[in-house]
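Remarks on the structure that follows.
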Amino acid sequence: MSELLFGSERSERVTEVLDGMGYMRLLDLPAIPESNSMGLRYQKAFEVAPAGNPWYVRSYGLRFDLASPRWLRSSRKWYSLGWGLDPVGEQREILLVQEWGNPSDRLGLRSNTELMENLDGYAEAVEVTEAGYCLRAAALIDSPGDSAR
């Protein structure tokens with residue numbers, strides 16, 4: 001059953017870890033129109049023919065918004081795991097994580113450290129940024145011998 005839900009055992013374990021930390025999983029939407037009303041975005045945008053409208057394509061990097069600020073009443077911790085583009089090409093398992101703090105205080109080092117410690121050993125590359133009260137992380141899940149490249 002897990003083969004249908006996850007690309008690898010590592011991605012299954014990452015999902016268990018993040019669920020245990022209180023993160024909510026979102027669908028890994030492969031593309032989002034740049035002009036979407038929810039303010040969702042990914043790192044890379046491309047113009048799509050024939051109209052030439054820009055679309056964000058799910059991609060590795062820290063310039064993304066997985067969740068609309070309107071959704072913060074239901075959760076402040078979100079993640080998405082699935083296909084996307086990395087700097088070299090396609091990647092089957094890119095993890096994007098976003099956590100919102102309260103506007104009155106910044107997320108502490110604890111959130112950043114806890115996330116990094118829990119992803120240690122499951123990701124081949126992890127980048128984390130804290131911008132104000134929002135923590136973002138992007139990781140390429142290390143799936144030896146199971147890459148889309």
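The values are calculated or read from the model by the stated rules, or taken from the named source; none is laboratory data. Just so it is clear, the model here is predicted, and its values are computed rather than measured. All Cβ positions, even for glycine, are placed from backbone atoms using ideal geometry, and neighbour counts span all protein chains on display.
Just a few scattered comments:
- Subset of the stretch 26-45 [outside any strand (DSSP E or B) and of a type in the set (Gly, Ala, Ser)]: Ser35, Ser37, Gly39
- Selection within the stretch 12-47 - aromatic (Phe, Trp, Tyr) and in contact (Cβ under 8 Å) with a residue 60 or more places away in the chain: Tyr23
- Of all residues in the stretch 75-89, those that are modelled with pLDDT under 90 and assigned to a strand (DSSP E or B) total 1.
- Selection within the stretch 29-67: residues that are among the hydroxyl-bearing types (Ser, Thr, Tyr) and under 20 Å from Glu90 (Cα atoms). The member of this set that is modelled with the lowest pLDDT is Tyr60.
- Counted residues, the stretch 44-71 - those being within 30 Å of Gly101 (Cα to Cα) and among the small types (Gly, Ala, Ser): 5
- Any hit, the stretch 15-25, residues being under 18 Å from Ile141 (Cα atoms), at pLDDT 85 or above, of a type in the set (S, T, N, Q) and in a helix (DSSP H, G or I): yes
- Among the residues of the stretch 81-92, those that are free of Cβ contacts under 8 Å to residues at least 60 places away in the same chain and either of a type in the set (Val, Ile, Thr) or buried (at least 21 other Cβ atoms within 10 Å of the Cβ) (or both) comprise Gly84, Gln91.
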